[in-house]
Amino acid sequence: MTYQRIESYMAGAYWGPRKESPEECAWRAERFLTTLAEIDPFFSRWYRQGRSRKDALSKPIEPTRAALEKLIRRGRDRQFDELGYSVWAWNGVCVDHEDCGLNFGCGLYAEGQSNRCVFNLPSRGPNAERVLTASVLSGLVRSMVLAWDPDLSIAASTMPLKQQKELPRVGTFVNWLMYFPRSRGPVPSLPDPVRVEPIEDKGTLVVLTPERFTVANPEHLELAQRVHELLDGAGLLRPVPS
């Protein structure tokens, strides 16, 4: 019997050092969680970490600014203020590979480090079938961009990264969905079926394929290589500032 590995997916937003207070981080987090709930029910409830799943389910996260500020303050690095605040959350789905984890770190201003908001997305089951679509992930990336104002945001298969001998730095590779802020420069003309659309006045969202991107599809890999050459030639594929 041949074991076939399940392709997994993630979404993330990344930005360089930015000193922000717990109040400012809570304002962003409130906006973020509010818009998440509007994208899909899968993203509507979040729970703090616990000793077990049952324990975590007793610790719901209230998506209000006051409650989020308390949670963010609790996530302060106890040794170094410049490392900011970190929050871990889980969406309460009690089936392995069908749930979603979320981590965001904000207020970090240490040199050589970066802030982030990262999702581990479901890889199988009805939630994956519904969430791993260009339309839902476009909404997810858009919500991260409008709340966190990142230097880059992606929704990607993790398999190409794990097949590399060395992990490429975020911002230097092409995958399913990519957001580039206006400060990086204009996005060049890209081949079909790539879709390019603005995210308000922030920047540009690039969607590589309307169907689920997968490394098992050689046409997807060939398209990714073509788009990589065009985006790299335009100077857009640069690491996140740190």
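Data for the structure
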read-out	value
Condition check for E23: in a helix (DSSP H, G or I) and more than 21 Å from the chain's Cα centre (by Cα)	yes
Condition broken by P63, with the remaining ones in (1) assigned to a helix (DSSP H, G or I); (2) modelled with pLDDT of 95 or more satisfied	(1)
Given (1) over 19 Å from the mean Cα position of the chain (by Cα); (2) within 30 Å of A37 (Cβ to Cβ); (3) outside any loop (DSSP other than H, G, I, E, B), number of the condition V145 does not satisfy	(1)
Residue match in region 212-220 (condition: in contact (Cβ under 8 Å) with a residue 24 or more places away in the chain, hydroxyl-bearing (S, T, Y) and surrounded by 18 or more Cβ atoms within 10 Å (Cβ to Cβ))	no
R238 vs. criteria crowded, with 19+ Cβ neighbours inside 10 Å, of a type in the set (K, R), modelled with pLDDT under 95 and closer than 26 Å to Y109 by Cβ	no
Selected residue (only one of T204, T214, T172, T209 is under 20 Å from the mean Cα position of the chain (by Cα), assigned to a strand (DSSP E or B) and either of a type in the set (S, T, N, Q) or farther than 20 Å from Y9 by Cβ (or both))	T204
So A89, is it under 21 Å from I39 (Cβ atoms) and among the small types (G, A, S)	yes
Tally of residues being more than 19 Å from D151 (Cα to Cα) and either out of contact with any Leu (no Cβ under 7 Å at 6 or more places or on another chain) or of a type in the set (D, E) (or both) across region 210-232	14
Qualifying residue in region 112-124 (condition: closer than 17 Å to D40 by Cβ, surrounded by fewer than 22 Cβ atoms within 10 Å (Cβ to Cβ) and either under 12 Å from the mean Cα position of the chain (by Cα) or among the acidic types (D, E) (or both))	yes
Top-ranked residue in region 72-89 [being part of a helix (DSSP H, G or I) and out of contact with any strand residue (DSSP E or B) (no Cβ under 6 Å at 6 or more places or on another chain); ranked as surrounded by the most Cβ atoms within 10 Å (Cβ to Cβ)]	L83
Any pair with Cβ under 8 angstrom, 6 or more apart, that starts in region 23-45 at a residue that is on the phi > 0 side of the Ramachandran plot and ends at one that is of a type outside the set (S, T, N, Q)	none
Options R28, R18; residue that is under 26 Å from G203 (Cβ atoms), assigned to a loop (DSSP other than H, G, I, E, B), touching a strand residue (DSSP E or B) at 6+ places or on another chain (Cβ under 9 Å) and modelled with pLDDT of 95 or more	R18
Given (1) more than 12 Å from the chain's Cα centre (by Cα); (2) buried (at least 17 other Cβ atoms within 10 Å of the Cβ); (3) closer than 26 Å to G235 by Cβ, index of the condition L137 fails	(1)
Test result for D55, out of contact with any Asp or Glu (no Cβ under 7 Å at 6 or more places or on another chain), within 17 Å of N115 (Cβ to Cβ), free of Cβ contacts under 8 Å to residues at least 40 places away in the same chain and among the acidic types (D, E)	no
Residue in region 109-116 that is touching a Pro at 6+ places or on another chain (Cβ under 8 Å), on the phi < 0 side of the Ramachandran plot and in a helix (DSSP H, G or I) present	no
Filter pass, E69 being out of contact with any helix residue (DSSP H, G or I) (no Cβ under 8 Å at 6 or more places or on another chain), part of a helix (DSSP H, G or I) and closer than 23 Å to W148 by Cβ	no
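The values are calculated or read from the model by the stated rules, or taken from the named source; none is laboratory data. Note that the coordinates shown come from a computational prediction; the quantities given were computed from them, not determined experimentally. Please note: Cβ atoms are built from the backbone with ideal geometry, for glycine as well, and neighbour counts cover all protein chains shown.
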